[in-house]
Amino acid sequence: MRIPSWTEDELLLAGALVVKNGWRELRTSNPQVHELSGLLLSLPLHGPEALALPGFRSPDSVSRKTTDFMTNQGHYAGKATRCGKPTLLMIEAFTQRESEMLQAAQAIEDAIGTGELHLIPPQPDEVDETGVSAIEGRLLVRRALARERDPKLRARKIDQVLRRGGPLQCEVCDFDFARAYGDLGEGYIEVHHVTPLHISGTRETKLEDLACLCANCHRMCHRCRPGESWRTPTALREWMRRPVEERAH
């Protein structure tokens, strides 16, 4: 078995370490490298076969990855090391959205430290059919999907909408399950976090943090292409309003 490629989650944590070190690599002997190696080995992403492989996410491999980040960053004047496209996309994400990416990395560290991410089972939609997850990492998508599927939270959001006299319809495309399916669709809608949880923080989810979406729009909010973040309902609505020829690019 070959050592698995680095996931977005692992690249996110390595990138955060490099950024906090002033975009400089960290040597194998650095205590922070050993700490990150241990953290990567604790992530609920790889099976026991991968974890048993010699050198898997070892301090040496972590140090080499920090070198990739340093030498492939735009301001580095020397020769760049060879690395894959996922690493280059993560470097671009940190360059463009440093604060948000650091928040995402911290959210993973915090959720691993508390044991929360070890308690959440893998979710069916945390990666798409091509195996791609959000640039912020699969584990944060897993946590968001698990919370969105909380039946109590969903029921409270639906009750809020109905008490305010609004129609229970998708906030992106206006699809109404009851209008389309009659009694079968009465009272049905899905809920979605408007703001990614690593940005809103670990506070208890408020109903204002949630949007009512149809299944299609919900999936499109979470669907990501390499190097992309998940979308807010507002961003998806704006995307749908663009001319068809623009959406193709």
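222 nm [θ] for the chain, helices only, -39500 (n - 2.57) per DSSP H run of 4+, per residue, to 500? Please report the intermediate quantities before stating the final value.
Working: 14 runs with 128 residues, N = 249.
The helix contribution divided over the chain gives -14500 deg cm²/dmol.
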- How high is the relative contact order of the chain, in percent, with contacts defined as C-alpha pairs under 8 Å that are six or more residues apart? 18
- Task: Run the quick spin-label model on ASP183 and ALA52: label points 7 Å from Cα toward the beta carbon, then report their separation in nm to one decimal.
- Result: 5.6
- Item | Relative packing of 75-83, 50-58, 211-219, 11-19, which averages over residues the other C-beta atoms within 10 Å, highest first | 11-19, 211-219, 50-58, 75-83
- Query: Are there GluC sites (Glu not before Pro) in segment 110-151 that DSSP marks as loop and that have at most 16 other Cβ atoms within 10 Å, and which are they?
  - Reply: GLU129
- Full-extension gain in nm, ASP128 to LYS85, via 0.36 nm per residue minus C-alpha separation: 13.7 nm
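Quick check: from the Cα gyration tensor, does segment 126-230 come out rounded (a/c under 1.5), prolate or oblate? Please report the intermediate quantities before stating the final value.
Numbers: a/c = 2.40, a/b = 1.49, b/c = 1.60.
Oblate shape, in that a/c is at least 1.5 and b/c is the bigger or equal ratio.
Whole number in Å², please: accessible area per residue of segment 108-163, 1.4 Å probe, ligands, DNA and RNA not counted.
Counting only protein heavy atoms, the per-residue value for segment 108-163 is 48 Å².
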- Item | Of LEU139, LEU184, LEU43, the one that fluctuates the most in a GNM where the chain has Cα springs shorter than 10 Å | LEU184
- Task: Using 0.36 nm per residue of separation minus the Cα-Cα distance, give me the extension gain between LYS20 and LYS206 in nm, one decimal.
- Result: 63.8 nm
- Task: Can you tell me the relative contact order of segment 1-116? Whole percent, Cα pairs under 8 Å, sequence separation 6 or more.
- Result: 33
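Stretched out fully, how many nm does the piece from GLN106 to VAL194 gain, at 0.36 nm a residue minus the Cα gap? Numbers along the way, then the final one.
Working: separation 88, 0.36 × 88 = 31.68 nm, distance 1.98 nm.
Value of the extension gain: 29.7 nm.
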- Which distance in nm do the two modelled labels at THR28 and ILE120 give, with both placed 7 Å along the Cα-to-Cβ direction? 3.5
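Using a 1.4 Å probe on the protein chains only, how many percent of the accessible area of the chain belongs to carbon and sulfur? If you can, show how the numbers build up before the last one.
Working: 6940 of 13280 Å².
Result for the chain: 52 percent of the exposed heavy-atom area is carbon or sulfur.
Compute the FRET efficiency between GLN160 and SER99 as 1/(1 + (r/R0)^6), taking r as their Cβ-Cβ distance and R0 = 25 Å, and round to the nearest 0.05. It would help to have the intermediate numbers written out before the result.
On the way: r = 31 Å, r/R0 = 1.25.
About 0.20, to the nearest 0.05.
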- Set the Förster distance to 25 Å, then compute FRET efficiency between ILE3 and GLU35 from the Cβ-Cβ distance, nearest 0.05. 0.80
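Rolling a 1.4 Å sphere over the protein heavy atoms, what is the accessible area per residue of segment 1-55, to the nearest Å²? Don't skip to the answer; put the middle values down first.
Working: 2840 Å² over 55 residues.
Here the residues of segment 1-55 average 52 Å² of exposed surface.
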- Against the longest principal axis of the chain, how steep is helix 151-163, in degrees 0 to 90 to the nearest 10, with axes from Cα atoms? 40
- Express in whole angstrom the spacing between the alpha-carbon centres of segment 204-240 and segment 76-92. 29
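The values are calculated or read from the model by the stated rules, or taken from the named source; none is laboratory data. Since we're looking at a predicted model, the values are computed, not measured. Virtual Cβ from ideal backbone geometry, glycine too; neighbours counted across all protein chains shown. With ligands, DNA and RNA removed, areas are computed over all heavy atoms of the protein, side chains included. Shrake-Rupley method; radii C 1.70, N 1.55, O 1.52, S 1.80 Å.
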